[in-house]
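Each remark here refers to the structure printed beneath this line.
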There are 4 protein chains.
Amino acid sequence: MKVAVYYNNQDVRIENRPIPQPKSDEFLVKTKACGVCVADTMEWYLTPRAPLTLGHEAVGVVEEVGSDIHNIKVGDRVVVHHHIPCLVCEHCRRGNFTMCESFRKTHIHPGGFSEYFTASAAHAERDTLILPENVSFKAGTLVEPLACIIHAIQKAGVKAGDSVALIGTGTMGLMFIQCLKYWGVRKLVVYEMLDWRINKAHEFGAQNVWKPGNDPQAELEKVQELFQSDGADKVFIAAKDISAMKLGMNLVNKGGTVMFFATPKPEESIEIFPSHIFFNEITITSTYSANHLDTRMALDLIASGDVWADKIISHTYPIEELSDAILQTVSRQESLKCVVEFNN
Amino acid sequence: MKVAVYYNNQDVRIENRPIPQPKSDEFLVKTKACGVCVADTMEWYLTPRAPLTLGHEAVGVVEEVGSDIHNIKVGDRVVVHHHIPCLVCEHCRRGNFTMCESFRKTHIHPGGFSEYFTASAAHAERDTLILPENVSFKAGTLVEPLACIIHAIQKAGVKAGDSVALIGTGTMGLMFIQCLKYWGVRKLVVYEMLDWRINKAHEFGAQNVWKPGNDPQAELEKVQELFQSDGADKVFIAAKDISAMKLGMNLVNKGGTVMFFATPKPEESIEIFPSHIFFNEITITSTYSANHLDTRMALDLIASGDVWADKIISHTYPIEELSDAILQTVSRQESLKCVVEFNN
Amino acid sequence: MKVAVYYNNQDVRIENRPIPQPKSDEFLVKTKACGVCVADTMEWYLTPRAPLTLGHEAVGVVEEVGSDIHNIKVGDRVVVHHHIPCLVCEHCRRGNFTMCESFRKTHIHPGGFSEYFTASAAHAERDTLILPENVSFKAGTLVEPLACIIHAIQKAGVKAGDSVALIGTGTMGLMFIQCLKYWGVRKLVVYEMLDWRINKAHEFGAQNVWKPGNDPQAELEKVQELFQSDGADKVFIAAKDISAMKLGMNLVNKGGTVMFFATPKPEESIEIFPSHIFFNEITITSTYSANHLDTRMALDLIASGDVWADKIISHTYPIEELSDAILQTVSRQESLKCVVEFNN
Amino acid sequence: MKVAVYYNNQDVRIENRPIPQPKSDEFLVKTKACGVCVADTMEWYLTPRAPLTLGHEAVGVVEEVGSDIHNIKVGDRVVVHHHIPCLVCEHCRRGNFTMCESFRKTHIHPGGFSEYFTASAAHAERDTLILPENVSFKAGTLVEPLACIIHAIQKAGVKAGDSVALIGTGTMGLMFIQCLKYWGVRKLVVYEMLDWRINKAHEFGAQNVWKPGNDPQAELEKVQELFQSDGADKVFIAAKDISAMKLGMNLVNKGGTVMFFATPKPEESIEIFPSHIFFNEITITSTYSANHLDTRMALDLIASGDVWADKIISHTYPIEELSDAILQTVSRQESLKCVVEFNN
Ligand SMILES: NC(=O)c1ccc[n+]([C@@H]2O[C@H](COP(=O)([O-])OP(=O)(O)OC[C@H]3O[C@@H](n4cnc5c(N)ncnc54)[C@H](OP(=O)(O)O)[C@@H]3O)[C@@H](O)[C@H]2O)c1
Ligand SMILES: NC(=O)c1ccc[n+]([C@@H]2O[C@H](COP(=O)([O-])OP(=O)(O)OC[C@H]3O[C@@H](n4cnc5c(N)ncnc54)[C@H](OP(=O)(O)O)[C@@H]3O)[C@@H](O)[C@H]2O)c1
Ligand SMILES: NC(=O)c1ccc[n+]([C@@H]2O[C@H](COP(=O)([O-])OP(=O)(O)OC[C@H]3O[C@@H](n4cnc5c(N)ncnc54)[C@H](OP(=O)(O)O)[C@@H]3O)[C@@H](O)[C@H]2O)c1
Ligand SMILES: NC(=O)c1ccc[n+]([C@@H]2O[C@H](COP(=O)([O-])OP(=O)(O)OC[C@H]3O[C@@H](n4cnc5c(N)ncnc54)[C@H](OP(=O)(O)O)[C@@H]3O)[C@@H](O)[C@H]2O)c1
Ligand SMILES: [Zn+2]
Ligand SMILES: [Zn+2]
Ligand SMILES: [Zn+2]
Ligand SMILES: [Zn+2]
């Protein structure tokens, strides 16, 4: 089978490897599609550990099922979440499933950018979902990234009627717009720098889409004017730039919450003033990844049409062109989600 | 009547003023006791606005009641919360009462360091509590500071069974220890630098009271060992030093919450790494002051004996010695709460 | 001014009374529209106390403002909630505002079926809302009933993704359908007996609208089949018939909640089996009326178009024809909300 | 090994069976103690299915561990929860673990009234807890029943400061008293009919322990007087008698919650008036059993001494006298928890 091996963004090589033979507690999936995530393009994060086999937004058809697995069967159209929690450790019991040690250690092998991959019985039991007929393989690749958004909305405690500021309208930001609507948000302001993405945001239902100006105080005042309040109840930062975080920190309502949905490089920092946090009772929080509850809901939202999977995926590539897909993702030039498709 | 007028910590002068005559929508209280708060000692905060009349932990006996007020009567032993929310603004409707504009604008006049003070009908209606017989005037002065602690515990979402790290065991820290017990916390570690306060913390029921070492990583490891986890589920910082905040940020569990309960000067800042916040799903939050729900609960806890008011108040002074009370509070030398008492 | 005086459903008389003169802590409203509620038609409830002046879904223009009132002004287009909580009693502090003693005692005078009415400063401060320009007087009459629905959805703890069964699609049921959508419900089954209302329910966005069959077990099985679960996570009973309550009790999921939104006569009862409740961890709950948080949200939903006020109001009447409006409401014949309009 | 086989309360026979050999995904425990539950004495529930091997409050020492199990080892002192949830079904994902189909199907074999028992890898992974050194085997038998109480307190949403009425002070009621204290309840009234249990309740820290009178209205008034409110915020019914349920329904505050913690026979019913529920916004709810989160907390409370395990267990018996233990439990004569101990 063909497997894409990542060396750096420009250098991804196709290797030929034997199709893996699942053990009794494993199952084998014939890959149909796998999305390219921003994390698949962060060279500072990847190249030190390269060569790597990537792809964690994987969808396919079950090809073989080990004898210990009973809840899926050959022929099932499935999305397999690569990370799964143990469900019983201290973090899992507190509901912080993505903090579970097992969560980060679990994987699909060798990854979604491969013609086949295997996963474990625990994957089958805990976070392998059957795609309904009206959800295409391509659309299914959005289950994982969409689940991350759902996770963030839930942790931020978004309530119907909240006012929200959203920074960034890439793939994630656009899906945020639709999810926020689903969660009952009607007071929404979106910030974005690229003109064509501003148009996209409008198309996805955002009424107020603004390019950030240079004067942070002026931005706050515009938000206050719009919401007739001291700021946005919830601020979601869906861009990994420190500038986005600074902007977001500035727009939050007294008593409100800022969600760091994206992460800059580990060495990048921001300065915060505890006195400001204190007198305004501001909350800063963050979410990493998504759990098995979020994926189910993500699939529901794709199936119901509340999130427009087809409009989020702008480009598809064969596995041989994964490097192009990565470079396209990095460029942010008139592209949203790039997906690798398999015609096997 | 005697009124203490604050110029700076060393210079507090007693003036003689006429006893105020309450209007139809006001009431007059003969002051019996008023606590000294750390905020009454922060010269950088006070001297620019001096001369000032201070005192917001005030308790007394109702002396006269305006004709529009019906829920209190002459002779009632009362604690009057100086700040009261409007209850209907956007912040109040979201439950963020201390963010209400009216909250910060409301006051008692001229303040608790005066032989008499007046307050409004709204004070009477919303946050004037009758002291039960078993609560002394002196003990009643703790209602406001204790309410702040209750507010913080509620906002941090402390649940029975949580593990908690607490930094600082001044008046506030010691009351935190007892409140945390009330809220079902049995896994508690307390940090304090002063030896005699370490002893106090033990006396108040804390089993693990540690002096912070120089190596932040070593402290985290000790906490991890104690709780058999990745850190403390909730961290309360009840000391206004930046060092305390840095220490606290370091001790929190993955998925946990750091509460900035105290504030340093406005210009003091700390550096945070969004990437660290992100991968560990850390929440930073804060509370300022207390609302009318918190004061009622505070009074309950004093009355029930769950919080030891008598042991928290270490010194009492006549109004003429307010400056001594302030300096004693600043010194942190073998003192906890200092209270001004009136023998009128 | 003309005032409608209720003797019974057939007998409503128009009296001429002087326009009331507001005191310093009152304001006067020129009525523009007032909705007819099912409660305005329940003879067993009303006739023992008749003659009565009714109307609690009232909207108008501020005509005169007492000198103690500062937050509204002459000419404001307002909806005035007739019941307002004290905000500080035990029930209010627990958030159960509609259980507040003051709530039920407060009123507008003489009522909304009158050319003018007065209300108090507390009404002005706590629950008098300015209608945005895009909300007509007629649409504004829905604020109160819609607020009751929002109250029930919040108390039932509806979460995005829940499955819901709704019994009854009168005015309330139809607005429930749209609110449930706003709250993120996509798994919805609706029960209704009248054919034309079944069509309405479809028009309002419900996909599954069923006529209840005679066999309760069969109904449960259909719901289980639809939701692929043991029942509906939340059941809302928006019909005052005991049969509707029995049906609803039968459809709930294990661990789910049944909301009695409507009330039969006081003497009507149902039999429950604690053992059944116990082994299935069922919750039964109820809501009465709506609070000042709910009305604000209701107005937002009307203004945003999430709830179709214009389609909910099927008939309008002049005040002289109030009895017709009541009889039309009782008949349930091809009518939804009936509203009295004033051309003054 | 000796195994107790239940025919009816008077007839329990000791059989000799071979010690089971655990499979690769099982483990074997040498039983040290097992509590007798009220459910082990309900003949109407048990005799139709007899002969039966009972005992679900079992504690022992791990004797042998199948090769697939890695988180426990020979010699571990363990409490094994007999019921374990699948953790991924719809109910589990909603947090209703005890509604999980697997939960009720899982068991230990043949049961805790046997010298040895086996359990599965899933038991080991999900709900087998190591007893700390300071918790005796006997005390460990209370983990399961105490967990049920914790489950009920959590589901009822008890908050620090709530007022509570508790009906019944058997084993469960007494542990409720201590747990409610742990959860911050200081306003507590307890109802009990047996004099010696009334004394016990006082000993366990309840200040107000009353015998129910004949006039329900008088009881409500006493509760209202005590709490200075319209009733108890939460009512826990820890007695399986219909009379206890009727009493409890009568004592609840407006906006409050009644918890049916115990179940009468399936055919026993009570009559409820939706109109009463409606105008008072009453919630009725229930909990069945306990989950893996509750058991961990239960063990913590026993280890911390917050619950007095030693005082709850009044009698111990050898396995040969299980029938006596059952009859003693049924009699309620000067006994609390009866535990079977093994000297193997
Ligand atoms: N929390 C999680 O579990 C999770 C999961 C998946 C992804 N993520 C993160 O989510 C982020 C967004 O993903 P994506 O695929 O949507 O990325 P993306 O395509 O890079 O989109 C980010 C957008 O934000 C814009 N932006 C940057 N700084 C801005 C500012 N100061 N004001 C306004 N707009 C600004 C960018 O514009 P320019 O191109 O002009 O800079 C870009 O259009 C990524 O950083 C990713 O790491 C998080
Ligand atoms: N959020 C609110 O609503 C609210 C309300 C009232 C008060 N507060 C704040 O709460 C804070 C505490 O009040 P308080 O009256 O208890 O003050 P305090 O007497 O100053 O107590 C603070 C204690 O913390 C110790 N400390 C400082 N840095 C530390 C560190 N790095 N590690 C361990 N211990 C450290 C101090 O020891 P050293 O003396 O050796 O430094 C001192 O004993 C004040 O700053 C006040 O502003 C907040
Ligand atoms: N909780 C609150 O605060 C609050 C506020 C306002 C109103 N309410 C209550 O809400 C209820 C609904 O108000 P509405 O104006 O919508 O009343 P409505 O017009 O009477 O609508 C009720 C509908 O339910 C149908 N129905 C009755 N029993 C049924 C059953 N077993 N199965 C299916 N459908 C059934 C009725 O059909 P048929 O005509 O064929 O019987 C009718 O179409 C009223 O009872 C009112 O008291 C409550
Ligand atoms: N939800 C769960 O998961 C769970 C788990 C375990 C147990 N339970 C249930 O919890 C219940 C209590 O267990 P237990 O071991 O404590 O039982 P218990 O020993 O039977 O205790 C119940 C006590 O309640 C008293 N009582 C009965 N009716 C009363 C009334 N109307 N007013 C006041 N007191 C009344 C009884 O007194 P008399 O003897 O005079 O009647 C008895 O002392 C059992 O029914 C059991 O089924 C539930
Ligand atoms: Zn885990
Ligand atoms: Zn306010
Ligand atoms: Zn009230
Ligand atoms: Zn399950």
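Kirkwood Rh and Cα-based Rg: tell me the resulting Rg over Rh for the range A:290-344, rounded to two decimals.
Working: Rg = 13.5 Å, Rh = 12.8 Å.
Over the Cα atoms of the range A:290-344, Rg/Rh equals 1.06.
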When chain D is modelled as a GNM with alpha-carbon springs shorter than 10 Å, which of D:Phe113, D:Phe273, D:Phe27 fluctuates the most?
-> D:Phe273
Would you give the gap between the C-alpha center of the range A:104-143 and the C-alpha center of the range B:1-36, rounded to a whole Å?
-> 71 Å
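With n ≥ 4 as the cut-off for DSSP H runs, can you work out [θ] at 222 nm for the protein assembly as shown, using -39500 (n - 2.57) per run divided by the number of residues, rounded to the nearest 500? Before the final figure, lay out the partial values.
Values: 56 runs with 452 residues, N = 1376.
Value at 222 nm, helices only, nearest 500: -9000 deg cm²/dmol.
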Averaged over residues of B:208-218, the number of beta carbons from other chains lying within 10 Å of each residue's Cβ is 0
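What size of dipole, in debye to the nearest 20, comes out for the range B:151-225 about its Cα centre when the only charges are +1 on Lys and Arg C-beta atoms and -1 on Asp and Glu C-beta atoms? The partial results should precede the final answer.
Working: 9 positive and 8 negative charges, 74 e Å.
For this selection, approximately 360 debye.
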Answer in debye to the nearest 20: the dipole magnitude of the protein assembly as shown about its Cα centre, from +1 Lys/Arg and -1 Asp/Glu charges placed on Cβ, is 0 debye
So how do C:Glu341, B:Glu267 rank on accessible area, 1.4 Å probe, biggest first, that is with the largest at the start?
-> B:Glu267, C:Glu341
For D:Lys187, the accessible surface traced by a 1.4 Å probe with all protein chains present amounts, in square angstrom to the nearest 10, to 80 Å²
Under a Gaussian network model of chain C whose springs join Cα atoms within less than 10 Å, the largest fluctuation of C:Phe204, C:Phe236, C:Phe261 belongs to C:Phe204
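Averaging over every viewing direction, what projected area does the convex hull of the Cα atoms of the range B:1-106 cover, in nm²? Mind dumping the intermediate values first?
On the way: hull surface 32.6 nm².
It is 8.1 nm².
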Dividing the Cα radius of gyration by the Kirkwood radius, what Rg/Rh value follows for the range A:198-251?
-> 0.95
Cα Rg, Dmax, the range A:119-171, angstrom units | 14.9, 42
To the nearest 10 square angstrom, what accessible area does A:Trp44 show with a 1.4 Å probe?
-> 90 Å²
Let me have the relative contact order for chain A, percent, based on Cα pairs under 8 Å that are six or more residues apart.
-> 19 percent
Using alpha carbons only, how many degrees (0 to 90, rounded to 10) separate the axis of helix C:171-182 from the longest principal axis of chain C?
-> 70 degrees
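Restricting to Cα pairs below 8 Å that are 6+ residues apart, what does the relative contact order work out to for the range B:149-286? Please round to a whole percent.
23 percent
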Shielding score for B:263-276, defined as the mean number of other chain Cβ atoms within 10 Å | 6
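To the nearest hundred square angstrom, how large is the accessible surface buried between A and B, total for both chains, probe 1.4 angstrom?
3900 Å²
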Measuring from the longest principal axis of the C-alpha atoms of chain D, the long axis of helix D:292-304 (C-alpha) lies at a number of degrees, nearest 10, equal to 80 degrees
Two-decimal log10 I(q)/I(0) for the protein assembly as shown, as the Debye equation yields it once each C-alpha is a single scatterer, q = 0.04, 0.06, 0.08 Å⁻¹ | -0.26, -0.60, -1.12
Average accessible area per residue (Å²) across the range C:175-259 - probe 1.4 Å, nucleic acids and ligands excluded = 40 Å²
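Any chance you could tell me what percent of the C-alpha pair distances in the range D:135-215 go past 14 Å? Working shown, then result.
Values: 2011 of 3240 pairs.
Result for the distance tail: 62 percent.
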Average beta carbon contacts from partner chains per residue of C:150-161, 10 Å cutoff | 3
Name the residue farthest towards the positive end of the dipole of chain D from the options D:Ala201, D:Tyr116, D:Pro132, assuming +1 on Cβ of Lys and Arg, -1 on Cβ of Asp and Glu, about the Cα centre.
-> D:Pro132
Looking at D:His315, D:Leu299, D:Thr285, which one has the Cα that reaches farthest to the positive end of the dipole of the range D:285-336 (charges on Cβ: Lys, Arg +1; Asp, Glu -1)?
-> D:Thr285
Might you report the magnitude of the Cβ-based charge dipole of the range D:149-286 about its Cα centre, with Lys and Arg at +1 and Asp and Glu at -1, to the nearest 20 debye?
-> 480 debye
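I need the Kirkwood Rh of the range A:44-83: take the reciprocal of the average 1/r across all distinct C-alpha pairs and report it in angstrom.
On the way: mean 1/r = 0.0796 Å⁻¹.
About 12.6 Å for the range A:44-83.
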With the full set of protein chains present, the residues of the range B:78-101 whose 1.4 Å probe accessible area falls by 50 Å² or more relative to the chain alone are B:Leu87, B:Val88, B:Glu90, B:His91, B:Arg93, B:Arg94, B:Met99
If C:Cys100, C:Cys37 are ordered by their accessible area, calculated over protein heavy atoms with a 1.4 Å probe, which sequence runs from highest to lowest?
-> C:Cys37, C:Cys100
Label point 7 Å out from A:Met42 along Cα-to-Cβ: which residues of the range A:171-199 have amide N under 15 Å?
-> A:172
Treating the Cα atoms of chain A as identical point scatterers in vacuum, please give the log10 of the normalised Debye intensity I(q)/I(0) at q = 0.08, 0.10, 0.15 Å⁻¹, two decimals.
-> -0.39, -0.60, -1.28
Most mobile listed residue (B:Thr295, B:Thr287, B:Thr263) in chain B, GNM with C-alpha springs under 10 Å = B:Thr263
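Please express the shape of the range D:149-286 as an equivalent ellipsoid: the semi-axes are the square roots of 5 times the eigenvalues of the C-alpha gyration tensor, given largest first in whole angstrom.
Each semi-axis is √(5λ); the values are 20, 17, 15 Å.
The values are calculated or read from the model by the stated rules, or taken from the named source; none is laboratory data. In this text the structure is predicted, and so the values were computed from the model without any measurement. Cβ coordinates were reconstructed from backbone atoms using ideal geometry, including for glycine residues, and neighbour counts include every protein chain displayed. What goes into the accessible areas is simple: the full protein's heavy atoms, side chains included, and nothing from ligands, DNA or RNA. Shrake-Rupley method; radii C 1.70, N 1.55, O 1.52, S 1.80 Å.
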